[in-house]
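A.B. asks: Here it is: the structure, laid out below.
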Amino acid sequence: AIDARRARAMALGTTFAYDYPSIFKRALQLEWRKFCRESGSKDRPATATLLTSEELILDDEMEAEDSVGFGLCLTKRAPESNSVSMVAWRMNMKTPQYPDGRDVIVIANDITNKAGSFGTREDELFNRASQMARDLGLPRLYIAANSGARIGMADEVKQAFKVKFFNDEDPSKGFDYLYVTPEDYAILGPDGRKSLIGEYIPLEKHYKVLDVIGEGRDLGVENLRGSGTIAGETSRAYDETFTLTYVSGRTVGIGAYLVRLGQRTIQKGTNAPILLTGYSALNSLMGREVYTSNLQLGGTKVMYNNGVTHQCVRNDLEGVQAMLNWISYVPARKGTPLPVSRLTLGDKIERSVDFNPLELGLSEFDPRLYLTGQETESKEGESSSWTSGFFDRGSFTEYLAGWAKTVVVGRARLGGIPMGVIISETRTVEAKTPADPATPDSQERVWQQAGQVWFPDSAYKTSQAISDFNKEELPLMLFANWRGFSGGQRDMFDEVLKFGSFIVDELVKYEQPIFVYIPPTGQLRGGAWVVVDPTINAEVMEMYADDNARGNVLEPPGAVSIKFRQKDVLAAMKRIDPVIKNLYEKLKEVEPSSDEAAILKADIKAREVKLLPVYQQIAIDFADLHDRPGRMTAKGVIREVVPWKSSRVYFYNRLRRRLAEDEVAQRLIDAGDSINKLSEAREQLKELSEECGAKWNDDISVYNWLMSDEGKAQVGECIANVVGSSVVSQVMKLGHQDPNAVLKGLMGLITELKSQGKIEESDALVQKLRAGVTLLN
């Protein structure tokens with residue numbers, strides 16, 4: 001039986017749901033093999049211990065054993081014995097980031113059971129498993145291969161109904177209604193199986209069928225209600241924990257919405273379309289053969305290029321590997337520390353960033369090289385070389401690469417610490433909208449998009465990536481290199497203004513450290529600066545620039561056209577050029593109307609024409625001097641100038657300090673109501689650190705202090721004081737409202753301590769109260 005179901009799944013281009021634990025185990029083996037090869041580590045868990053999985057089923061199923069809460073139980077049943085076409089597991093997997101194991105909740109459609117459709121039982125299992133993931137803060141992985149909401153009919157009524165034709169002798173004339181006999185109504189009606197509601201027709205002596213209810217479940221609208229339930233649950237799960245979907249086979253209707261609502265999506269390139277309606281149904285609707293495949297509607301050529309799909313893979317093993325790689329960047333549970341990975345052989349934290357387009361003489365280059373560095377392929381007999389980039393070698397994974405190509409987004413590691421990363425594309429790229437076969441006169445549209453410019457799609461991509469990173473609790477490294485937003489008529493109509501404002505909205509919500517850095521040869525101007533300025537969320541954002549970066553309202557030629565026009569250029573020429581100065585001096589000494597004056601004016605004009613090109617360049621250079629990091633620092637709009645070569649070490653130390661500092665600051669905020677912001681908590685930490693000799697402006701010094709036993713003890717004492725002050729404040733507030741209630745509360749506490757056998761604590765409290773009264777007297 002299990003082989004038949006595997007064959008059925010294979011025929012549909014996917015994998016039998018119960019085989020996924022084995023695929024996860026194989027993917028973990030490959031992950032560890034790669035990790036050991038790249039890092040040089042020999043510590044590797046035994047293969048048998050890499051994965052343990054426990055199937056979760058509804059607590060009212062026959063095979064239910066140990067309850068785990070949430071209306072779910074564990075089971076050890078055979079793989080093919082499920083009656084619900086949805087399967088869920090709690091898996092513990094040992095990964096290189098968590099060698100002792102991390103838990104995840106995995107939910108998968110079983111496409112071999114009722115075509116993987118969503119009925120009420122499937123919706124209930126999905127909903128409860130997702131709630132479990134959300135409540136425990138565990139990553140929720142969903143493997144999609146389904147047929148959408150289940151469609152059913154009442155078979156018992158289907159076998160019993162009869163037809164009232166207008167003309168029994170000629171049924172082709174049409175019919176009036178459906179009916180059942182009194183005998184069948186007694187069996188199927190409200191007093192029987194409750195399968196239908198009817199109206200008695202006295203003249204015909206039968207019951208006209210008004211509504212078919214059906215005694216079975218999952219026939220229609222109840223499935224839609226269940227779909228709505230899991231749609232809402234998935235939206236909440238995206239906000240509250242890590243959600244990731246792998247589209248292994250076709251996913252239809254509610255299945256497609258679950259993909260989008262979970263946001264992060266990996267899609268298989270073949271036999272895994274994301275659909276609202278299948279192609280054959282659309283052809284029937286339009287009355288002609290328009291589409292020839294579901295892949296035309298929801299394959300990777302559509303979904304990868306429109307931003308629904310983040311990453312494409314070729315097969316299910318690659319899909320599971322991609323899921324494992326993605327969760328390697330996120331904490332084991334919501335709110336826990338980030339996973340830190342070991343660096344690959346040949347890389348280290350304390351190193352320079354050697355890829356520099358200026359030093360390498362590159363006028364056009366792939367901006368990803370800033371992040372990854374540049375690998376030089378080895379020639380025969382020679383070893384390959386690597387020009388180092390900003391992040392750890394081999395740690396960058398790009399997502400959403402097929403959509404909005406003027407922005408590059410992904411995840412990487414800095415000194416082993418995972419980060420979200422956004423950088424602009426500097427080269428001109430091609431955007432494309434496909435022709436729709438359903439519209440005969442439609443044509444494929446191809447147009448060019450300039451680099452360093454935000455367009456509607458790339459602005460939306462930027463905001464979406466920021467939202468994802470924030471939900472994943474990742475610090476953000478934003479390499480800011482934008483000249484502005486595209487403001488042409490088409491882009492304004494396509495809502496570039498709205499999507500640009502989304503960037504601000506998402507930055508305002510961000511809760512982890514954000515470093516905005518203008519890289520070498522980079523520039524940040526106009527509206528592009530506005531939407532990433534650190535004052536948008538000063539609690540977490542900081543801005544830096546390379547010593548060769550630029551920033552201002554306009555680029556120098558634009559600024560010159562407004563603020564250093566030709567009359568100003570000529571005035572500068574008159575002030576600076578000795579020849580023109582001399583000619584003007586001579587002009588003062590002659591009669592204005594004389595021939596000599598006319599000759600002098602002609603000489604001046606000729607000299608101005610000759611020098612105008614070079615003075616235009618002088619004006620542009622003067623404008624450029626206003627754009628440099630020295631002025632940014634003087635005006636306080638950036639925190640510091642960080643040279644590109646040393647940026648990796650600087651930001652590693654800064655990130656490490658900010659993560660430790662913000663964790664302690666949040667504990668201070670949670671301890672009482674006297675501190676409400678990170679900035680207020682940091683001020684308290686600053687005072688404490690300076691008392692202990694740590695240099696607040698030295699990231700390494702502050703981090704070492706926070707991590708030391710002495711620092712932890714001092715922070716613990718500070719938090720205890722904040723808690724105590726908060727309690728005192730609350731008691732005083734309550735005392736102002738009702739002093740008698742406060743006294744009754746203290747007496748009740750003393751009584752409760754005695755009843756619990758805590759005599760010493762009770763006596764100590766009484767002594768303190770007496771001492772307090774004595775002091776007051």
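The values are calculated or read from the model by the stated rules, or taken from the named source; none is laboratory data. From a predicted model like this one, the values you see are computed outputs, not experimental measurements. A quick note on method: Cβ atoms are made from the backbone with ideal geometry, for glycine too, and the neighbour counts reach across all protein chains shown. Areas reflect the complete protein model, heavy atoms only, side chains present, ligands, DNA and RNA absent. Shrake-Rupley method; radii C 1.70, N 1.55, O 1.52, S 1.80 Å.
A.B. asks: In this structure, does V87 turn out to be under 22 Å from the mean Cα position of the chain (by Cα), crowded, with 22+ Cβ neighbours inside 10 Å and under 18 Å from S22 (Cα atoms)? Walk me through it before giving the result.
C.D. replies: Working: under 22 Å from the mean Cα position of the chain (by Cα): no; crowded, with 22+ Cβ neighbours inside 10 Å: yes; under 18 Å from S22 (Cα atoms): yes.
In short, no.
A.B. asks: Yes or no: segment 312-321 includes at least one residue that is over 18 Å from K461 (Cα atoms), in contact with a Pro (Cβ under 9 Å, 6 or more places away or on another chain) and open to solvent by 10 Å² or more (accessible area, probe 1.4 Å). Working first, answer last.
C.D. replies: Going residue by residue through segment 312-321, those that are over 18 Å from K461 (Cα atoms) are 313-321.
Subset that is in contact with a Pro (Cβ under 9 Å, 6 or more places away or on another chain): none.
No, segment 312-321 contains no residue that is over 18 Å from K461 (Cα atoms), in contact with a Pro (Cβ under 9 Å, 6 or more places away or on another chain) and open to solvent by 10 Å² or more (accessible area, probe 1.4 Å).
A.B. asks: Oh, and also: Kindly provide the set of residues from segment 24-41 that are open to solvent by less than 30 Å² (accessible area, probe 1.4 Å), under 26 Å from D110 (Cα atoms) and not small (G, A, S), ordered by number.
C.D. replies: Looking only at segment 24-41, we keep the residues that are open to solvent by less than 30 Å² (accessible area, probe 1.4 Å), and these are 24, 27-28, 32, 36, 39, 41.
Then drop every residue that is not under 26 Å from D110 (Cα atoms), which leaves 24, 27-28.
Listed by number, the residues that qualify are F24, L28.
A.B. asks: Counting just the residues of segment 732-777 that are exposed (fewer than 10 other Cβ atoms within 10 Å of the Cβ) and outside any helix (DSSP H, G or I), which one comes out modelled with the highest pLDDT?
C.D. replies: The extreme case among them is G757.
A.B. asks: Give A435, A459, A412 a once-over and let me know the one that is of a type in the set (G, A, S) and open to solvent by 10 Å² or more (accessible area, probe 1.4 Å).
C.D. replies: Step by step, each of A435, A459, A412 is checked, and only A435 is of a type in the set (G, A, S) and open to solvent by 10 Å² or more (accessible area, probe 1.4 Å).
A.B. asks: While we're here: Go through segment 124-236 and tell me which strands (runs of 3 or more DSSP E), entirely inside it, have 1 or more residues that are closer than 30 Å to Y98 by Cα, touching a Ser or Thr at 6+ places or on another chain (Cβ under 8 Å) and in contact (Cβ under 8 Å) with a residue 60 or more places away in the chain. If you could, list the steps in order and put the result at the bottom.
C.D. replies: Numbers: elements: 140-144, 162-165, 175-180, 196-201, 206-212.
The strands (runs of 3 or more DSSP E) meeting that bar are 140-144.
Residues checked against (1) more than 30 Å from D546 (Cβ to Cβ); (2) at pLDDT 95 or above; (3) not polar (S, T, N, Q):
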site	(1), (2), (3)
N582	yes, no, no
E585	yes, no, yes
V590	yes, no, yes
E596	yes, no, yes
I599	yes, no, yes
P629	no, yes, yes
M632	no, yes, yes
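A.B. asks: Determine whether segment 650-663 contains at least one residue that is modelled with pLDDT of 95 or more, assigned to a loop (DSSP other than H, G, I, E, B), on the phi < 0 side of the Ramachandran plot and in contact with a strand residue (DSSP E or B) (Cβ under 6 Å, 6 or more places away or on another chain).
C.D. replies: No, that holds for no residue.
A.B. asks: Does at least one position in segment 193-215 carry a residue that is within 17 Å of K158 (Cα to Cα), surrounded by 13 or more Cβ atoms within 10 Å (Cβ to Cβ) and among the basic types (K, R)? Can you show your working first?
C.D. replies: The initial filter retains those residues of segment 193-215 that are within 17 Å of K158 (Cα to Cα), namely 193-198, 206-215.
Right, trim to surrounded by 13 or more Cβ atoms within 10 Å (Cβ to Cβ) and you get 193, 195-198, 206-209, 212-215.
Pick out the ones that are also among the basic types (K, R) and you get 193, 208.
Yes, segment 193-215 has at least one match.
A.B. asks: With respect to the numbered conditions (1) in a helix (DSSP H, G or I); (2) exposed (fewer than 14 other Cβ atoms within 10 Å of the Cβ); (3) of a type outside the set (F, W, Y), which one is the sole condition not fulfilled by N676?
C.D. replies: If we test N676 against (1) in a helix (DSSP H, G or I); (2) exposed (fewer than 14 other Cβ atoms within 10 Å of the Cβ); (3) of a type outside the set (F, W, Y), just (1) comes out false.
A.B. asks: Counting only residues that are in contact (Cβ under 8 Å) with a residue 24 or more places away in the chain and out of contact with any helix residue (DSSP H, G or I) (no Cβ under 9 Å at 6 or more places or on another chain), how many does segment 13-31 have?
C.D. replies: Within segment 13-31, residues that are in contact (Cβ under 8 Å) with a residue 24 or more places away in the chain and out of contact with any helix residue (DSSP H, G or I) (no Cβ under 9 Å at 6 or more places or on another chain) number 2.
A.B. asks: A further question follows. Tally time: how many residues in segment 344-388 are among the acidic types (D, E), at pLDDT 80 or above and in a loop (DSSP other than H, G, I, E, B)?
C.D. replies: First pass over segment 344-388, keeping only residues among the acidic types (D, E): 347, 350, 354, 359, 364, 366, 375, 377, 380, 382.
Subset that is at pLDDT 80 or above: 347, 350, 354, 359, 364, 366, 375.
Checking the rest, the ones that are also in a loop (DSSP other than H, G, I, E, B) come to 347, 350, 354, 364, 366.
Going through segment 344-388 one residue at a time, the tally reaches 5.
A.B. asks: Please determine, by comparing only the residues of segment 596-649 that are hydrophobic (A, V, I, L, M, F, W, C) and assigned to a loop (DSSP other than H, G, I, E, B), which one is most open to solvent (accessible area, probe 1.4 Å).
C.D. replies: Here is the first cut: in segment 596-649, the ones hydrophobic (A, V, I, L, M, F, W, C) are 597-600, 602, 604, 606, 609, 611-612, 614, 618-620, 622-623, 625, 632, 634, 637-638, 641-642, 644, 649.
Imposing the further condition that a residue be assigned to a loop (DSSP other than H, G, I, E, B) reduces the set to 637-638, 642.
Working: V637: 54, I638: 9, V642: 3 Å².
The qualifying residue most open to solvent (accessible area, probe 1.4 Å) is V637.
A.B. asks: Name the residues in segment 64-110 that are in a loop (DSSP other than H, G, I, E, B), among the charged types (D, E, K, R) and touching a residue at least 12 places away in the same chain (Cβ under 8 Å), would you?
C.D. replies: Of all residues in segment 64-110, those in a loop (DSSP other than H, G, I, E, B) come to 64-66, 70-71, 76-85, 94-101, 110.
Right, trim to among the charged types (D, E, K, R) and you get 65-66, 76-77, 80, 94, 100, 110.
Across segment 64-110, the qualifying residues are K76, R77, E80, K94, D110.
A.B. asks: Got at least one residue in segment 107-117 being surrounded by fewer than 23 Cβ atoms within 10 Å (Cβ to Cβ) and under 27 Å from P331 (Cβ atoms)?
C.D. replies: Pass one, segment 107-117, residues surrounded by fewer than 23 Cβ atoms within 10 Å (Cβ to Cβ): 113-115.
Those left that are additionally under 27 Å from P331 (Cβ atoms): none.
Checked segment 107-117: no residue is surrounded by fewer than 23 Cβ atoms within 10 Å (Cβ to Cβ) and under 27 Å from P331 (Cβ atoms).
A.B. asks: Report every pair of residues separated by at least 6 positions or lying on different chains whose Cβ atoms are under 9 Å apart, first residue within segment 351-362 and closer than 10 Å to G389 by Cβ and in contact (Cβ under 8 Å) with a residue 12 or more places away in the chain, second assigned to a helix (DSSP H, G or I) and polar (S, T, N, Q).
C.D. replies: V353/S646; V353/S647; F355/T372
A.B. asks: Right, another one. Within segment 393-415, count every residue that is part of a loop (DSSP other than H, G, I, E, B) and touching a helix residue (DSSP H, G or I) at 6+ places or on another chain (Cβ under 9 Å). Full working, then the answer.
C.D. replies: We begin by selecting, within segment 393-415, every residue part of a loop (DSSP other than H, G, I, E, B); these are 393-396, 400-406, 415.
Right, trim to touching a helix residue (DSSP H, G or I) at 6+ places or on another chain (Cβ under 9 Å) and you get 393-396, 400, 402-406, 415.
The qualifying residues number 11.
A.B. asks: What's the total number of residues in segment 417-435 that are touching a residue at least 60 places away in the same chain (Cβ under 8 Å), among the charged types (D, E, K, R) and part of a strand (DSSP E or B)?
C.D. replies: Counting residues in segment 417-435 that are touching a residue at least 60 places away in the same chain (Cβ under 8 Å), among the charged types (D, E, K, R) and part of a strand (DSSP E or B) gives 1.
A.B. asks: Now for a different question. Kindly indicate whether S117 is modelled with pLDDT of 95 or more and in contact with a Ser or Thr (Cβ under 6 Å, 6 or more places away or on another chain). First the steps, then the outcome.
C.D. replies: Values: modelled with pLDDT of 95 or more: yes; in contact with a Ser or Thr (Cβ under 6 Å, 6 or more places away or on another chain): yes.
For S117, the condition - modelled with pLDDT of 95 or more and in contact with a Ser or Thr (Cβ under 6 Å, 6 or more places away or on another chain) - is met.
A.B. asks: Same structure again: If only one of Y185, Y200, Y177, Y207 is touching a Lys or Arg at 6+ places or on another chain (Cβ under 7 Å) and more than 30 Å from A88 (Cβ to Cβ), which one is it?
C.D. replies: Values: Y185 fails: touching a Lys or Arg at 6+ places or on another chain (Cβ under 7 Å); Y200 fails: touching a Lys or Arg at 6+ places or on another chain (Cβ under 7 Å); Y207 fails: touching a Lys or Arg at 6+ places or on another chain (Cβ under 7 Å).
Being touching a Lys or Arg at 6+ places or on another chain (Cβ under 7 Å) and more than 30 Å from A88 (Cβ to Cβ) holds for just one of Y185, Y200, Y177, Y207, which is Y177.
A.B. asks: Right, here's the next one. Does T95 fit the bill of being farther than 30 Å from H206 by Cβ, in contact with a strand residue (DSSP E or B) (Cβ under 9 Å, 6 or more places away or on another chain) and at pLDDT below 95? Show your work before the answer.
C.D. replies: Details: farther than 30 Å from H206 by Cβ: yes; in contact with a strand residue (DSSP E or B) (Cβ under 9 Å, 6 or more places away or on another chain): yes; at pLDDT below 95: no.
No.
A.B. asks: Name the single residue, out of those in segment 514-564 being aromatic (F, W, Y) and within 28 Å of the chain's Cα centre (by Cα), that is nearest to E640 (Cα to Cα). Give the steps one after another, and end with the answer.
C.D. replies: As a first pass, look at segment 514-564 and keep what is aromatic (F, W, Y): 515, 517, 529, 544, 564.
Add one more test, that the residue is within 28 Å of the chain's Cα centre (by Cα), and what stays is 515, 517, 529, 544.
Details: F515: 11, Y517: 10, W529: 16, Y544: 5 Å.
So, considering only residues that are aromatic (F, W, Y) and within 28 Å of the chain's Cα centre (by Cα), the one nearest to E640 (Cα to Cα) is Y544.
A.B. asks: Tell me whether segment 242-254 contains one or more residues that are without any contact (Cβ under 8 Å) to a residue 60 or more places away in the chain and on the phi > 0 side of the Ramachandran plot. Spell out how you get there, then give the answer.
C.D. replies: Initially, segment 242-254 is screened for residues without any contact (Cβ under 8 Å) to a residue 60 or more places away in the chain, giving none.
Within segment 242-254, not a single residue is without any contact (Cβ under 8 Å) to a residue 60 or more places away in the chain and on the phi > 0 side of the Ramachandran plot.
A.B. asks: Looking at segment 42-70, which of the residues that are closer than 25 Å to L324 by Cβ, in contact with a strand residue (DSSP E or B) (Cβ under 9 Å, 6 or more places away or on another chain) and among the acidic types (D, E) is surrounded by the fewest Cβ atoms within 10 Å (Cβ to Cβ)?
C.D. replies: The residue in question is E54.
A.B. asks: What pairs come out if I take residues in segment 698-710 that are touching a residue at least 40 places away in the same chain (Cβ under 8 Å) and pair them with residues that are in a loop (DSSP other than H, G, I, E, B) and open to solvent by less than 80 Å² (accessible area, probe 1.4 Å) whose C-beta lies under 7 Å away, six or more apart or interchain?
C.D. replies: From segment 698-710, the pairs are V702/A694; V702/W696.
A.B. asks: Go through segment 194-249 and report how many residues are under 30 Å from V104 (Cβ atoms) and either of a type in the set (G, A, S) or over 48 Å from the mean Cα position of the chain (by Cα) (or both).
C.D. replies: 9
A.B. asks: Suppose we filter segment 326-349 for residues that are under 17 Å from the mean Cα position of the chain (by Cα) and surrounded by fewer than 17 Cβ atoms within 10 Å (Cβ to Cβ); how many remain?
C.D. replies: 2
A.B. asks: Let me ask something additional. Being within 30 Å of D110 (Cβ to Cβ) and open to solvent by 60 Å² or more (accessible area, probe 1.4 Å) narrows it down to one residue among D155, D176; which is it?
C.D. replies: Only one candidate qualifies: D155.
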